[in-house]
């Protein structure tokens, strides 16, 4: 069975940097897609399932904070790492409050970034597992003492909550 690669979305308006980081991550076994701006990133995320996004903070148009907010709103389990050459303690705190998994300065050390990516992926899996576990507990409770039709109705409601 083929090992599942971690799916990354990398967003940066500096094309040379973007190409370089994507190539380095692909060589390390990640499944990488790239976007050169926030709008393109949101569109890619709507059409693909990503485990983690690496997002530049300062970009024209939608900046990293806005991309972070939209990704966290639209994709329940995605983890976002902010990578920036223009970092400050205030923006780090703000991004963390918005749900960023981590905040790393440019230039970055590849090994540090890969460690953070693995930590983010583990956190994502733990959140997903916890939600799946809660969902199974709900299904078990629904199944106890209900008629088959009532069970189907409750399962439909549960499924509608997912959408």
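Looking only at the range 1-12, residues that are modelled with pLDDT of 95 or more and surrounded by fewer than 23 Cβ atoms within 10 Å (Cβ to Cβ) come to 2 in all. Per the conditions (1) crowded, with 17+ Cβ neighbours inside 10 Å; (2) out of contact with any helix residue (DSSP H, G or I) (no Cβ under 7 Å at 6 or more places or on another chain), the sole criterion not satisfied by residue 133 is (1). Taking the range 54-96 as the range and being crowded, with 16+ Cβ neighbours inside 10 Å and without any contact (Cβ under 8 Å) to a residue 24 or more places away in the chain as the test, only 92 passes.
Scanning the range 97-108 for residues that are closer than 28 Å to residue 161 by Cβ, assigned to a loop (DSSP other than H, G, I, E, B), touching a residue at least 40 places away in the same chain (Cβ under 8 Å) and in contact with a helix residue (DSSP H, G or I) (Cβ under 8 Å, 6 or more places away or on another chain) turns up at least one hit. When residue 139 is tested against the conditions (1) in contact with a helix residue (DSSP H, G or I) (Cβ under 8 Å, 6 or more places away or on another chain); (2) under 23 Å from residue 47 (Cα atoms), the lone failure is (2).
Is the range 120-137 home to any residue that is in the same structural domain as residue 12 (by TED's automatic domain parsing), in contact with a strand residue (DSSP E or B) (Cβ under 8 Å, 6 or more places away or on another chain) and free of Cβ contacts under 8 Å to residues at least 60 places away in the same chain? Yes - at least one qualifying residue is present in the range 120-137.
The values are calculated or read from the model by the stated rules, or taken from the named source; none is laboratory data. If you're wondering where the values come from, they're calculated on a predicted model, not measured in any experiment. So basically every Cβ, Gly included, is an ideal-geometry build from the backbone, and we count neighbours across all protein chains shown.
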